1. Defining a contact as two alpha carbons under 8 Å apart and six or more residues distant in sequence, what relative contact order in percent does region 1-103 show?
2. Report, by chain and number, residues whose modeled amide H sits under 5 Å from the one on ALA137, excluding near sequence neighbours (fewer than 5 apart, same chain).
3. In degrees from 0 to 90, rounded to the nearest 10, what is the angle of the helix 19-28 Cα long axis to the longest principal axis of the chain?
4. Compute the helix-to-body angle for 224-239: its Cα long axis versus the longest principal axis of the chain, expressed 0 to 90° and rounded to tens.
5. To the nearest 10 degrees, how steep is helix 344-363 against the longest Cα principal axis of the chain, on a 0 to 90 scale?
6. Place a +1 charge on the Cβ of each Lys and Arg in the chain and a -1 charge on the Cβ of each Asp and Glu, then give the dipole magnitude about the Cα centre in debye, rounded to the nearest 20.
7. May I ask you to derive the FRET efficiency for TRP255 and ALA203 from their Cβ-Cβ distance with R0 = 25 Å, giving the value to the nearest 0.05?
8. With the Cα gyration tensor of region 43-86 giving a ≥ b ≥ c as the square roots of its eigenvalues, does the rule (a/c under 1.5 for rounded; else a/b larger than b/c for prolate; else oblate) give rounded, prolate or oblate?
Amino acid sequence: MGERRPMREADVVVIGGGQAGISAAHQLQRVPELRAILLDAAEGPGGAWRHRWDSLTMATVNRIADLPGMPLERIDPRTPSRTAVPDYFGRFEQSHGIAFERPVRVVRVRSEHPEAGTDSALLLDSVDPRDGAPLPAIRTRALINATGTWDRPFVPSVPGRESFTGRQLRTVDYTRAEDFAGARIAIVGGGISAAGFLAELSAVATTFWYTRREPVFREGGFGEVEGREAVAMVEERVAAGLAPLSVVSVTGLVWTPALRAAAERGVLERRPMFRRVTPEGVIEHDGTARRLDAILWATGFRASLGHLAPLHLRSAGGGIRMDGTKVAGDPRIHLIGYGPSSSTVGARQAGREAVRRLRRRQAMG
């Protein structure tokens, strides 16, 4: 017989050390009767902010929601967000005694006794992402999943995409505009990232902007009221078991100084999505051949939930039906950073709700 692997025990495990995961960890500190283990695949604090592109400074990033009891202090607007935000998260963890185990990548979550349904404990299998070495399994009664979306960039299926001989990259691959100086580049996508890329790339390259729908620009800022309205729209979808839209996708594009400058340069001309990709470029909607040196797919992300596949959480609608942060069909699982809590607008409250529900469930036995 093979040697039995070591097993650790917990009442709840938090997976993910971004804003949502930190929020949950902070709330769990107030519930000492719940033995918690905190896991994060990154080598340090900051979540996806560790990987943002060079030009995304604190002057150009959307507002970062404050962590509980520790407002984000005024920072030089020229500071890269991938430096400032991880530093802020790290200081919060240190000052509050929050100890994530890093780096730990959870590769599978399964029921210990599937025949018992949701009364079964959960087993977590994980590895050290640096070398793939397996780590001790964890048995837990509940899971707060905060794995976000950054490691699952989405690229749509477009005929001929594999034939393109130029450079193709996604949001996660982008570093700086200077790498494309003098190039002819297509920017695909209608979200905030795509618009930001367009604004800065158009200053050094010839840009062509493609979206499936006409972009909607909005005047004025984006405050608490607008945030709550956007979150409510996404909540309706996940409550019905449909694949979630991002909160950003329902808010429209806010006019920033960079976008206004781009508009003045005449580069915000949106083109309908091209028909197909060729080795030299694309065939546009009207049949015109467009030569390109690069295609930047700023086409969004999907929830990083592959490790939960053994639990069969998805509904026929393609999404996971939710009741707040709780998976409607499995009270052991809370998803934060999914659907309405997939941005700082919703993540701020998601950890609190998840811990409150888990505490109530434990009290009920």
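1. Working: 134 pairs, mean separation 34.1, N = 103.
Across region 1-103, relative contact order equals 33 percent.
2. Those lying under 5 Å, H to H, from ALA137 are ARG8.
3. 20
4. So the inclination is approximately 70 degrees.
5. 20
6. On the way: 50 positive and 41 negative charges, 94 e Å.
Taking the Cα centre of the chain as origin, the dipole is about 460 debye.
7. Working: r = 18 Å, r/R0 = 0.70.
Result of the calculation: an efficiency of 0.90.
8. Details: a/c = 1.97, a/b = 1.13, b/c = 1.75.
Oblate, because a/c is 1.5 or more while a/b does not exceed b/c.
Where a number appears in this text, it was derived from the coordinates with a stated rule and is not lab data. As the structure is a computational prediction, the values presented were derived from the model and not from experiment. Methodologically, a virtual Cβ is constructed for each residue, glycine included, from the backbone with ideal geometry; neighbour enumeration extends over all protein chains shown.
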